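Read the structure below first, then the notes.
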Protein chains: 2
Amino acid sequence: MATIQEVAKYAGVSVATVSRVINTPDKVRKHTQFKVQNAIRELNYEPSVLGRSLRTSQTRLFLVLLPSISNPFYAQIINGIQNKAIESGYNILLCETDSDPAREVIFFNMIKNKLADGIISMDPTVNKERLIELSTKYPIVQCSEYAKDNTLSYVTIDSERAAYQAVKHLIKLGHKKIGLINFDKKFLYASERYRGYEKALKEFDLEIKDDWIYNTKHLNFESGQQAMRVLLNQADRPTAVFAVSDVLAVGALKELHINQLRVPEEMALFGFDNIEFSNVVYPPLTTVAQPMYDMGSISVQMLMSKIRGEEVESLVLDHHLIIRETT
Amino acid sequence: MATIQEVAKYAGVSVATVSRVINTPDKVRKHTQFKVQNAIRELNYEPSVLGRSLRTSQTRLFLVLLPSISNPFYAQIINGIQNKAIESGYNILLCETDSDPAREVIFFNMIKNKLADGIISMDPTVNKERLIELSTKYPIVQCSEYAKDNTLSYVTIDSERAAYQAVKHLIKLGHKKIGLINFDKKFLYASERYRGYEKALKEFDLEIKDDWIYNTKHLNFESGQQAMRVLLNQADRPTAVFAVSDVLAVGALKELHINQLRVPEEMALFGFDNIEFSNVVYPPLTTVAQPMYDMGSISVQMLMSKIRGEEVESLVLDHHLIIRETT
DNA sequence: CTGAAAGCGCTAACAG
DNA sequence: CTGTTAGCGCTTTCAG
């Protein structure tokens with residue numbers, strides 16, 4: 001790679017002028033501009049982000065933190081993020097934290113080190129205190145998952161209400177015994193969806209039975225399957241189950257197949273997230289759709305505002321139920 | 001963030017000494033070390049990657065190029081990459097190219113700009129010429145997908161042989177009419193898997209019928225489903241189908257469900273990749289397992305060797321068939 | 001409109 | 001063992 005000095009020498013001007021041609025062309029005479037442009041082309045020059053960053057402290061890059069790329073839920077959000085970012089002249093780097101605090105620190109340091117201009121965090125396992133502290137100094141936006149702290153901006157949905165509606169839908173269908181496959185309640189959305197579940201059951205005077213609630217440790221197919229196995233093993237088992245994530249629901253569905261239970265006749269199932277898989281399994285999964293693409297692109301807009309130093313309002317987007325064939 | 005100067009002043013030493021304490025502690029007296037360590041702690045100092053990079057031209061970061069994170073095939077490879085990278089003191093940045101050449105350029109520029117020390121490319125759509133050219137200057141390794149060019153290192157499997165074995169397995173089961181759901185043959189693995197398919201059929205004197213071969217444009221569930229729909233619509237339809245990717249196979253399976261065909265009795269199905277989902281669908285998919293984790297970690301080792309300036313041998317790893325219930 | 005020069009944070013000779 | 005200093009590639013005053 002040629003450096004700015006080489007270009008300057010080649011064009012017979014100073015480095016300052018080269019820099020001006022690149023950043024503020026109006027301040028340079030047309031003729032000089034032309035000479036420099038020519039040198040740039042000839043030498044195949046590209047400004048070094050490193051040198052520039054060191055000087056200006058901006059990289060036009062931002063970090064997207066997510067726990068694991070194997071959860072398809074993130075795929076579409078990232079799509080939205082990526083498109084909007086590129087539109088705004090930014091690039092994104094995906095950072096898989098694997099829910100490992102040590103790894104998180106590495107990525108946080110990247111922003112401290114000015115290797116990135118901002119962070120979109122989608123990681124529910126993120127250290128909230130650290131995130132809040134960091135957000136006082138650097139542009140940070142939370143997407144989907146969020147900490148209950150008003151110094152931190154987020155874009156998300158109303159999980160409690162969505163869960164409430166899902167369970168209500170099961171009730172309207174005549175179900176009286178409704179199970180819940182939940183994720184570890186230390187995650188905000190898990191506890192919110194639990195509350196929605198609870199609220200619906202209470203409203204219709206239905207029993208909330210501990211035996212019908214299973215909290216998984218992990219968010220993968222196997223956990224969902226195992227949860228359903230436990231639920232099925234009860235003498236008095238539920239006739240419908242609400243799973244707080246499609247990944248869990250799909251795993252649960254597998255267990256139903258293994259036990260040759262007819263879905264939804266012998267067991268109804270309601271998922272959450274509307275991941276691509278949910279429409280490929282058989283029968284297609286009834287689920288809650290989040291506006292994933294929008295969540296992604298909006299979080300970028302929010303981040304851009306923050307970078308510009310503007311005040312940013314957090315946002316709760318609409319969801320909707322997608323009734324397919326498991327209910 | 002505190003700078004090295006502030007630390008130096010606080011500790012009452014020169015910046016050089018601070019730098020030494022960080023990079024080559026042995027060259028510093030214990031007592032001085034202690035003072036500096038203390039200052040570092042007090043001021044919460046972390047070396048700026050930017051300043052360091054500008055000076056040393058290394059970031060201990062590398063880029064992982066992949067077309068799309070929504071293909072679960074990559075998840076496990078990335079796992080292998082990530083673990084090995086961290087072990088080696090490196091960090092990775094995931095770069096989704098979306099098969100968009102423009103985006104590719106951005107990431108390639110990052111390495112030219114010394115923002116990363118190396119690249120692992122898993123993108124089959126990557127511009128091969130550019131990659132080859134780049135690889136003469138920068139450390140680059142291909143993982144899974146590869147260009148047939150011996151200047152470029154890769155780690156992969158023998159796709160042709162794997163496909164051959166898969167189809168042979170179907171033949172041994174008594175199938176005489178075997179369809180193929182393939183991906184665009186401009187991708188090397190697609191053409192290799194095609195060759196394996198062809199070879200097996202020829203060996204057993206079975207008909208290779210164009211109508212039984214469908215090349216999808218995209219690599220997603222829907223394409224697989226559509227492919228199977230076409231295959232089923234034939235008057236003389238195959239009794240078994242080999243799909244070159246689990247994603248396609250899973251989509252195909254959905255179409256079989258919709259048509260109420262019993263699997264494998266009325267239609268057998270063989271996938272490829274052993275993605276997590278393949279064992280969750282019903283019936284569980286027979287497929288080819290690639291050593292994804294190993295591919296990931298080996299590609300890191302290869303990249304490290306390259307960074308150290310060593311010669312690197314490309315590698316073809318073993319695969320194996322996983323016979324589940326769709327055959 | 002253009003050039004000279006300072007400096008972003010760091011490392012690595014070089015001297016002592 | 002430690003300090004001084006040049007310089008990585010760039011942008012940005014400040015003069016002219």
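Please return the ranges of strands (runs of 3 or more DSSP E) entirely within the range A:134-188 where 3 or more residues are more than 19 Å from A:Val288 (Cα to Cα).
Values: elements: A:140-143, A:153-157, A:178-183.
Because the criterion is at least 3 residues that are more than 19 Å from A:Val288 (Cα to Cα), the strands (runs of 3 or more DSSP E) in the range A:134-188 that meet it are A:140-143.
Among the listed residues B:Ser305, B:Ser245, B:Ser278, identify the single one that is among the small types (Gly, Ala, Ser) and not assigned by TED's automatic domain parsing to the domain that holds B:Lys177.
Details: B:Ser245 fails: not assigned by TED's automatic domain parsing to the domain that holds B:Lys177; B:Ser278 fails: not assigned by TED's automatic domain parsing to the domain that holds B:Lys177.
Result of the check over B:Ser305, B:Ser245, B:Ser278: B:Ser305.
Scan the range B:52-69 for residues that are facing another protein chain (nearest Cβ under 7 Å) and either crowded, with 21+ Cβ neighbours inside 10 Å or at pLDDT 90 or above (or both) and jot them down.
The initial filter retains those residues of the range B:52-69 that are facing another protein chain (nearest Cβ under 7 Å), namely B:53-54, B:69.
Result: B:Ser53, B:Ile69.
If I filter the range B:169-203 down to residues being without any contact (Cβ under 8 Å) to a residue 12 or more places away in the chain and under 29 Å from the mean Cα position of the chain (by Cα), which single residue comes out as nearest to B:Phe242 (Cα to Cα)? Even if it seems obvious, please write down each step before you answer.
Here is the first cut: in the range B:169-203, the residues without any contact (Cβ under 8 Å) to a residue 12 or more places away in the chain are B:172, B:174, B:186, B:191, B:198, B:202.
From what is left, the residues that are under 29 Å from the mean Cα position of the chain (by Cα) are B:186, B:191, B:198.
Numbers: B:Lys186: 19, B:Ser191: 14, B:Glu198: 11 Å.
Top of the filtered list is B:Glu198.
Return only the number of the condition from (1) surrounded by fewer than 19 Cβ atoms within 10 Å (Cβ to Cβ); (2) away from DNA strand C (no atom under 16 Å from the Cβ); (3) assigned to a helix (DSSP H, G or I) that B:Gly80 does not satisfy.
Condition (1) is where B:Gly80 drops out.
Could you list all residues from the range B:71-83 that are facing chain A (nearest Cβ under 8 Å) and either touching a Ser or Thr at 6+ places or on another chain (Cβ under 7 Å) or without any contact (Cβ under 8 Å) to a residue 40 or more places away in the chain (or both)?
Across the range B:71-83, the qualifying residues are B:Pro72, B:Ala75.
Condition first: out of contact with any strand residue (DSSP E or B) (no Cβ under 7 Å at 6 or more places or on another chain), away from DNA strand C (no atom under 11 Å from the Cβ) and small (Gly, Ala, Ser). Now tell me which residues in the range B:48-76 satisfy that.
Narrowing the range B:48-76 to residues out of contact with any strand residue (DSSP E or B) (no Cβ under 7 Å at 6 or more places or on another chain): B:48-59, B:67, B:70-72, B:75-76.
Cutting the leftovers down to away from DNA strand C (no atom under 11 Å from the Cβ) gives us B:59, B:67, B:70-72, B:75-76.
Selection gives B:Ser70, B:Ala75.
Quick one: B:Leu206 ticks every box in (1) surrounded by fewer than 22 Cβ atoms within 10 Å (Cβ to Cβ); (2) in a loop (DSSP other than H, G, I, E, B); (3) assigned by TED's automatic domain parsing to the domain that holds B:Ile298 except a single one, so which number is it?
(3)
Checking B:Gly271 against (1) small (Gly, Ala, Ser); (2) under 21 Å from the mean Cα position of the chain (by Cα); (3) modelled with pLDDT under 95: exactly one of these is not met. Which one?
Failing condition for B:Gly271: (3).
Being touching a residue at least 24 places away in the same chain (Cβ under 8 Å), in contact with a strand residue (DSSP E or B) (Cβ under 8 Å, 6 or more places away or on another chain) and within 16 Å of DNA strand D (Cβ to nearest atom) is the requirement here; does A:Asp117 meet it? Give the derivation first.
Working: touching a residue at least 24 places away in the same chain (Cβ under 8 Å): yes; in contact with a strand residue (DSSP E or B) (Cβ under 8 Å, 6 or more places away or on another chain): yes; within 16 Å of DNA strand D (Cβ to nearest atom): yes.
Spelling it out, A:Asp117 is indeed touching a residue at least 24 places away in the same chain (Cβ under 8 Å), in contact with a strand residue (DSSP E or B) (Cβ under 8 Å, 6 or more places away or on another chain) and within 16 Å of DNA strand D (Cβ to nearest atom).
Taking strands (runs of 3 or more DSSP E) that fall entirely within the range A:268-318, which contain at least 3 residues that are farther than 30 Å from B:Pro283 by Cβ? Don't jump to the end; show me each part of the working.
Numbers: elements: A:268-270, A:287-289, A:315-317.
Output list reads A:315-317.
For the range A:101-126, enumerate the residues that are within 9 Å of chain B (Cβ to nearest Cβ), surrounded by fewer than 23 Cβ atoms within 10 Å (Cβ to Cβ) and in a loop (DSSP other than H, G, I, E, B).
Answer for the range A:101-126, where residues must be within 9 Å of chain B (Cβ to nearest Cβ), surrounded by fewer than 23 Cβ atoms within 10 Å (Cβ to Cβ) and in a loop (DSSP other than H, G, I, E, B): A:Asn113, A:Lys114.
Give all pairs with beta carbons closer than 7 Å in which a residue from the range A:11-34 that is within 14 Å of A:Arg52 (Cβ to Cβ) and touching a residue at least 24 places away in the same chain (Cβ under 8 Å) meets a residue that is more than 8 Å from DNA strand C (Cβ to nearest atom) and not in a helix (DSSP H, G or I); count only pairs at least 6 apart in sequence or on separate chains.
Qualifying pairs under 7 Å: A:Ile22/A:Pro47.
Mind listing just one residue for me: the one in the range A:1-24 that is outside any helix (DSSP H, G or I) and within 14 Å of chain B (Cβ to nearest Cβ) and, of those, farthest from A:Asn44 (Cα to Cα)? Steps first, answer last, please.
Kept after step one, since they are outside any helix (DSSP H, G or I), are these residues of the range A:1-24: A:1-3, A:12-14, A:24.
Narrowing further to those that are within 14 Å of chain B (Cβ to nearest Cβ): A:1-3.
Details: A:Met1: 7, A:Ala2: 7, A:Thr3: 10 Å.
In this case the residue turns out to be A:Thr3.
Would the range A:35-48 turn up any residue that is touching a Leu at 6+ places or on another chain (Cβ under 7 Å) and either surrounded by fewer than 22 Cβ atoms within 10 Å (Cβ to Cβ) or more than 8 Å from every other protein chain (Cβ to nearest Cβ) (or both)? Show your work before the answer.
Taking the range A:35-48 first, the residues touching a Leu at 6+ places or on another chain (Cβ under 7 Å) are none.
Among the residues of the range A:35-48, not one is touching a Leu at 6+ places or on another chain (Cβ under 7 Å) and either surrounded by fewer than 22 Cβ atoms within 10 Å (Cβ to Cβ) or more than 8 Å from every other protein chain (Cβ to nearest Cβ) (or both), which makes the answer no.
The values are calculated or read from the model by the stated rules, or taken from the named source; none is laboratory data. Keep in mind that this is a model prediction, so the values were computed, not measured. Backbone-built Cβ (ideal geometry, glycine too); neighbour counts: all protein chains shown.
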